[in-house]
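Taking it in order: structure first as structure tokens, then the write-up.
The values are calculated or read from the model by the stated rules, or taken from the named source; none is laboratory data. What you see is a predicted model; the values in this text were computed from it and never measured. Here the Cβ positions follow ideal geometry from the backbone for every residue, glycine too, while neighbour counts run over all protein chains shown. What goes into the accessible areas is simple: the full protein's heavy atoms, side chains included, and nothing from ligands, DNA or RNA. Shrake-Rupley method; radii C 1.70, N 1.55, O 1.52, S 1.80 Å.
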Amino acid sequence: MRPFDYERATSLHDASERMSDAAAIIAGGTNLLDLMKIQVMTPSRLVDISRLDGLDRIEDHDGGLRIGALVTNTALATDPRVRAGWPVLSRAILAGASAQIRNKATTGGNLLQRTRCPYFYDTAMACNKRAPGTGCSAQGGSGRMLALLGTSEDCLAAHPSDMAVALAVLGASVEIAAPSGEVRTLPVTQLYTLPGNRPDIESDLRQGEIITAVVLPAPRSGTAQTYRKVRDRASYAFALVSVAAVVLMDGDTIAEASLAFGGIAPRPWTDGSVNALLAGAEASDESFARAAAQLVPDSAPQPETEFKRPLLRRTLIATLREATGLAGRVDTARSL
């Protein structure tokens, strides 16, 4: 681990003033410190915001919730308001890391965690995300955790957050404070940038800006919410494919559907055409198969992720069967 300076910020403005290209914000540190130990990230200064007032609260906000950036994953997942109104968020967080990590990991840090692409983690390999302009060893290489959608010739890495996928399906937004004190708000889906030819630029955050909160809109009454995650082992593993769904039914017809996907793209992936295709459709395996065909690409950008194409299709169909209640109706009919 390389030497670094540690500085404790006294305010958001103070934290912004201390930021530079060679500095990094630290709160929970669950991802940053791991990367520093293997010298994938080598900041010369850590700016600690973990003791700033007001960022560790979950507050009612215009019928929804305002979640401070320092709220821990444990506090967020177990909050009674979240479990009642936005259960997909609670389920997604609990499907993530171990309880010990959730106790330390923060809302803002979870959103900005780095990819688990094996080539990003291996400093002996070329990686445009870690060292711009060096190349992408994942191209033609090996990797089950790589993305299917939104990739480029310069990067195949997938975003790892479960929480971000749930926030995307819920239409959440992110509050961002600038050094000037101005606060801007972005939809979670617009926080992230696709790799293009600059995979090292992962978000829309500008110099000195800090995420201060996530805002959840008011919950939709009558919706069914679910999160399904497929991984290599049953616990504490990153998603190969995940699907978050919020569905409103009108009898046997899907009145509205909102879907978001994890493990398959450089950001939480949404596709409005899939949602539109489901709206007004009968809850049936045929409708779900059409939605899957709309979403799943014709080929994988890397041979070892070809298995994700049928996996994504099956996971989407299974998630929709659960969210629409079709699975229960079919099981009941079979038992009769």
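Checked against the criterion of being on the phi < 0 side of the Ramachandran plot, surrounded by fewer than 19 Cβ atoms within 10 Å (Cβ to Cβ) and assigned to a helix (DSSP H, G or I), the candidates R83, R91 yield just one match: R83. Within the range 143-162, being of a type outside the set (S, T, Y) and either open to solvent by 20 Å² or more (accessible area, probe 1.4 Å) or touching a strand residue (DSSP E or B) at 6+ places or on another chain (Cβ under 7 Å) (or both) holds for R144, M145, L149, G150, E153, D154, C155, L156, H159, D162. Do we find a residue being farther than 26 Å from L156 by Cα and open to solvent by 20 Å² or more (accessible area, probe 1.4 Å) anywhere in the range 260-273? The answer is no; no qualifying residue exists.
For (1) closer than 23 Å to D232 by Cα; (2) of a type in the set (V, I, T); (3) modelled with pLDDT of 95 or more, each residue gets a yes or a no:
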| residue | (1), (2), (3) |
| --- | --- |
| I49 | no, yes, yes |
| E59 | no, no, yes |
| R66 | no, no, yes |
| L76 | no, no, yes |
| A84 | no, no, yes |
| P87 | no, no, yes |
| A97 | yes, no, no |
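Of the residues making up the range 115-139, those that are touching a residue at least 40 places away in the same chain (Cβ under 8 Å), open to solvent by 40 Å² or more (accessible area, probe 1.4 Å) and part of a loop (DSSP other than H, G, I, E, B) number 5. Across the range 194-238, the qualifying residues are those that are modelled with pLDDT of 95 or more, surrounded by fewer than 16 Cβ atoms within 10 Å (Cβ to Cβ) and acidic (D, E), and the one among them that is nearest to L65 (Cα to Cα) is D204.
To keep it simple, each residue is scored yes or no on (1) hydrophobic (A, V, I, L, M, F, W, C); (2) modelled with pLDDT under 95; (3) outside any strand (DSSP E or B); (4) closer than 30 Å to G141 by Cα.
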residue	(1), (2), (3), (4)
S273	no, no, yes, no
E286	no, no, yes, no
A292	yes, no, yes, yes
P297	no, no, yes, yes
T315	no, no, yes, yes
D331	no, yes, yes, no
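The residues of the range 185-198 that are touching a Gly at 6+ places or on another chain (Cβ under 9 Å) and part of a loop (DSSP other than H, G, I, E, B), listed by number, are L194, P195.
Filtered by the rule that a residue be farther than 16 Å from Q113 by Cα and in contact with an Asp or Glu (Cβ under 7 Å, 6 or more places away or on another chain), the range 197-209 gives a lone residue, N197.
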